[in-house]
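Please treat every number below as a calculation from the coordinates, not as lab data. Just so you know, these numbers come straight off a predicted model, no measurement behind them. FYI the Cβ positions are ideal-geometry reconstructions off the backbone, even for glycines, and counts take in every protein chain you see.
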Amino acid sequence: MIRSTRFRSLPAILGAFVIASCSDAGVSNLTAPADAIAGRSSDAPLSQPALGTSSTSKHGLELRSLWWDKKHKNQVRVSKTIDQLGGTISIAETGLTMVFPAGAVTSPLQITVTADADYVAYKMDPAGTTFLQDVVVTQSLASTELKGQTLRSQLFAAYIADDRLKLSGKVPVLEIEPSHTIFSTISRIPIAHVWIIRHFSRYMLASG
């Protein structure tokens with residue numbers, strides 16, 4: 001069953017994000033404007049849940065997954081054991097960072113994250129795992145279709161229940177996760193997207 005709890009420690013989560021982001025040379029000048037995208041209409045029918053809020057169930061909603069700027073010809077997969085003290089999983093090839101706070105799991109757990117070859121999406125195992133603390137996910141946009149581009153539509157971190165579902169075209173999603181787009185203070189170009197997850201298994205970064 002999917003849990004819908006609220007953030008337990010927002011300052012700690014944001015701190016973890018800043019640490020993870022600033023380790024990337026391309027994410028050195030950050031800002032998180034209140035209007036997550038420039039020029040978004042005030043009557044937009046869908047908005048991302050803000051950091052510090054609960055996931056939003058969106059049965060029947062369809063979104064378009066972002067593309068990688070280059071297809072991954074070889075499978076991109078990382079496995080690491082996370083214990084009660086927490087830890088970090090990073091995938092350099094795709095610009096993903098996952099921060100597991102202390103207490104997220106009650107015993108050592110081997111976690112495997114597999115990137116989709118074409119789309120900005122990941123399968124996370126063991127499927128069905130739930131976490132006692134919120135896990136912070138940061139996706140750099142440097143290796144996506146948005147590299148160096150202005151943001152023309154809202155970005156969403158979306159949960160997909162079916163691991164076999166094709167991601168071409170409009171994709172049905174079950175949840176929109178609390179998230180925020182991060183912009184460069186210099187160019188105002190979007191450079192990263194941060195969101196939280198509370199359970200596995202499949203997530204994608206998408207637009208409306």
Among (1) over 15 Å from Trp68 (Cβ atoms); (2) surrounded by fewer than 20 Cβ atoms within 10 Å (Cβ to Cβ) - the single one Glu93 does not satisfy: (1)
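Matching residues to (1) buried (at least 17 other Cβ atoms within 10 Å of the Cβ); (2) more than 30 Å from Phe183 (Cβ to Cβ):
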position	(1), (2)
Arg64	yes, no
Gln133	yes, no
Glu145	no, no
Ala161	no, yes
Strands (runs of 3 or more DSSP E) fully within segment 63-154 counting 1 or more residues that are under 22 Å from Arg198 (Cα atoms) and among the polar types (S, T, N, Q): 77-82, 87-91, 96-100, 109-115, 130-140
Under the condition of being among the β-branched types (Val, Ile, Thr) and farther than 27 Å from Arg64 by Cβ, which residue from segment 103-128 is surrounded by the most Cβ atoms within 10 Å (Cβ to Cβ)? Val105
